[in-house]
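These notes are about the structure you will find just below.
The values are calculated or read from the model by the stated rules, or taken from the named source; none is laboratory data. Quick caveat, the model's predicted, so the values are computed rather than measured. Virtual Cβ from ideal backbone geometry, glycine too; neighbours counted across all protein chains shown. For accessibility, only protein heavy atoms count, side chains too; no ligands or nucleic acids. Shrake-Rupley method; radii C 1.70, N 1.55, O 1.52, S 1.80 Å.
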Amino acid sequence: MKTPRYTEIEGRSPGFFALMAVLIAIIGAGVISAFIMHGEGHIITGMTNRIVWGTPHVFAVFLIVAASGALNVASIASVFGRTVYKPLSPLSMVLSMTILAGGLVILILDLGRPEHLLDVPLTQFLYNTMPERWTHSVFGWNFILYTGFMFIVGIYLWFTLVKRHNKYAKTASMVAFLWRLALTTGTGLIFGFLVAREAYDAAILAPMFVVLSFAYGLALFCLVLIPAYAWTGRELGDVIVNRLRKLLGIFVAAALYFVIILNLTNFYSAAKADGIQNFLLFGGNSYSQAFWIGQILLGTLAPLALTLLPGFKSRGALIIASLLVVIGGLSQMYVTIIGGQAFPMDMFPGKIVESVIGDGAIAEYSASLYEILLGLSGIAITLFLAVFAMNVLRILPESLADKDIDPHHSA
Amino acid sequence: MSQNKVDQYRRQFLAQASAVAGLSIAPGVILNTVHAKPADQAASDKNRWGLLIDANKCASNCNKCVTACHVENGVVPAGKINYKTDAQWIRKVKLTDRQTGHVQTIPMMCQHCANPPCVDVCPTNASMKREDGVVLVDKHACIGCRYCMMACPYNARSYIHEETTEQKYPRGKGTVESCTLCVHRIDDPNGPIDPACVEACNAEGHKANPF
Ligand code: SF4
Ligand code: SF4
């Protein structure tokens, strides 16, 4: 296999500027929304004292989970020795960092008092990682996991791009791979630790997040890779495209398997079967719709067909499949995060609970435009940073044509 | 495992959950006499504060404790009342037994849990538990992430969704707050004073709230 020649993408064409302008406009809309939210308070959003995490968290958690998944292509190439994917590694690393950045920006802008973050001494966060707090603030832990991820993947990228450091890249990839597993597990645990809430009270949630991350990350990867090659006139051969297509299909199938296990487990627990489980899956509400139509039909079955059935061989099919996986992922987060809060907690087992603030009743929520714009701006930030990185760094191989990546390939 | 944890958090309600007994005991209840704490002395674990609520005495049509609390602490809605987003430091909850149909009401506020999940999850340690058992939020450290609200099993916390008006003690939009057990009263330099809800309940003659 030839060593690929990496080059920057050009940054002067009208197309490039148009793309950047659109992304900046979306980011601007999101940032302005966040400012209005801080000026007026969260009162203008759909969030309440019952639904305390709204649409921004749906996007943010999706992106954070997808970030570690985007690193997969690099991990497959180096940790698992699949050299076909090797030329794609740098893009995979860069994307994993920019996706994480997009997710974190949403989280920070959605805070009630982001400025207090600056007042909280770092030691407070570090304190949360002390042994006596290990079972405590997973949020504090995640802070370390996120910054560590950026740092490690950054070093991994540096070792990969700079020739004389190449020899360390393998070790770095191993560390990055383990770290990303920890990161997704940690994100899953944010919910796993909320013992009071039935929807999250499952040991399987953290591993499920890891499996979901594979599909979400790869989908975003395809959504960047294919247009990047098409719009810059670089060649992207069928070998790579078909590999990615198959891989996405396998990841989506694995995710489906975990989703089925999780739901079956919940049905076996009698208390949950006619409580939260019934509510989320058969409640005839926006959550059950998001589950069946968004997550299962659009986000799982359709992409499975588009990736694994022999009839769909085009790039367009892979793009659509990837888009659908993203829609499915956002739906899944909506069901888990918002649906999980909407269902009332069983505060007094054996009692019907009522109060003016709606204890015991299903909480209503409808997303506001501010929240949606803030969420979308996270995706725009991810893409903006990714395009910017491709423009200043040499991370894209000039050609991924079949003959360049697979010498045994006969056209 | 987590079920045990929930049970642990709920333990103070076990007595209450059965129709026979009517007691809800907040943790850290002490039954010895309380001596005034000199003003310069920090909160210590010598005294552990708690509320003892006799659900059988709580009158279903009475809302005095709620009003008293919100007047005392300046917790008033900024605009017109909106139960979904207004701060509720204390609220009345109606409980109907699924089997017997027995109806009770109780005031519901922060339980100042023995092992508070809100404190466990707080990333900035703004949520804290004093030595004397009172669980508080440091408004200057709270970043408004609402993780504590996700963790609280009693919906006891409120997020401040809009600018506050007529505040008496520091409150702030974008932070989280909940019952303080009237720390300003129990820390009174001349000796602890009953929290406002307790005072109101006793004055009403229901005496559901011996402090
Ligand atoms: S806020 Fe909730 S979890 Fe925290 S001490 Fe009060 S009742 Fe317990
Ligand atoms: S909202 Fe404030 S008090 Fe609650 S967990 Fe976050 S920082 Fe801590």
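Averaged per residue, the stretch A:328-411 has 39 square angstrom of accessible surface, using a 1.4 angstrom probe with ligands and nucleic acids left out. Helix A:138-161 and the longest principal axis of the Cα set of chain A meet at an angle near 0°. Considering only A:Asn266, A:Asn49, A:Asn72, the mean-square fluctuation computed in a Gaussian network model of chain A, springs between alpha carbons under 10 angstrom, is largest for A:Asn49.
Amide H to amide H, with H built 1.01 Å from N, A:Gly360 comes under 5 Å of A:Met345, counting only residues 5 or more places away or on other chains. Legend: calculated FRET efficiency, B:Tyr169 to A:Ile108, from the Cβ-Cβ distance at R0 = 35 Å, rounded to 0.05, equals 0.80.
The H on the amide N of B:Asp132, modeled in the peptide plane, is under 5 Å from the matching H of B:Ser44, each at least 5 residues off or on a different chain. Over the residues of chain A, the helix contribution to mean residue ellipticity at 222 nm works out to -21000 deg cm²/dmol, using -39500 (n - 2.57) for each DSSP H run of at least 4.
For chain A, with the dipole built from +1 on Lys and Arg beta-carbon atoms and -1 on Asp and Glu ones, taken about the Cα centre, which of A:Gly283, A:Phe221, A:Gln341 lies farthest toward the positive end? Positive-end residue among those listed: A:Phe221. Checking every one of the chymotrypsin sites (Phe, Trp or Tyr not before Pro) in the stretch B:58-157 against DSSP loop status and a limit of 13 other Cβ atoms within 10 Å picks out no site at all. Measuring nothing but how far apart in sequence close Cα pairs (under 8 Å, 6+ apart) lie, relative to its length, chain A scores a relative contact order of 33 percent.
For the stretch A:309-369, run through the trypsin sites (Lys or Arg not before Pro) and keep only the ones in DSSP coil with at most 16 other Cβ atoms within 10 Å of their Cβ. When the trypsin sites (Lys or Arg not before Pro) of the stretch A:309-369 are filtered for loop state and at most 16 Cβ neighbours within 10 Å, A:Lys313 remain.
With Cα atoms defining each centre, the stretch A:1-64 and the stretch A:193-252 are spaced 19 Å apart in the structure.
Label separation (A:Ala305 vs A:Phe16): 4.0 nm, computed from points 7 Å beyond Cα along the C-beta direction. In degrees from 0 to 90, rounded to the nearest 10, what is the angle of the helix A:55-70 Cα long axis to the longest principal axis of chain A? Roughly 40 degrees between the two axes.
Label positions at B:Lys57 and A:Val356, each projected 7 Å from the Cα along the C-beta direction, are separated by 2.4 nm. In this structure, B:Asp97 and A:Phe35 have a Cβ-Cβ separation that, at R0 = 45 Å, corresponds to a calculated FRET efficiency of about 0.35. The string of couplings for the stretch A:27-41 from the Karplus curve (6.51, -1.76, 1.60, θ = phi - 60°) is 4, x, 4, x, 5, 4, 4, 5, 5, 4, 4, 6, x, 8, x Hz, one whole number per residue in order, with x for Gly and Pro. Taking chain A as the region of interest, the number of lysine pairs whose Cα atoms are within less than 22 Å, with members eight or more places apart or on different chains, is 14. Compute for chains B and A the buried accessible surface, both sides summed, probe 1.4 Å, and express it in Å² to the nearest 100. Approximately 4900 Å², summed over both chains. Taking the Cα atoms of the stretch B:41-204, the ratio Rg/Rh between the radius of gyration and the Kirkwood radius comes to 0.96.
Could you estimate the translational diffusion coefficient of the stretch A:286-367 from the Stokes-Einstein equation, with Rh from the Kirkwood formula over C-alpha pairs, at 20 °C and 1.002 mPa s, in whole µm²/s? Reported coefficient: 146 µm²/s.
For the stretch A:1-105, the normalised intensity computed at q = 0.13, 0.19, 0.21 Å⁻¹ comes to -0.71, -1.07, -1.15 (log10 of I(q)/I(0), Debye sum over alpha carbons, equal scatterers, no solvent). Loop exposure criterion: chymotrypsin sites (Phe, Trp or Tyr not before Pro), DSSP state outside H, G, I, E and B, at most 12 other Cβ atoms within 10 Å. Applied to chain A, the longest stretch between such sites is A:135-411.
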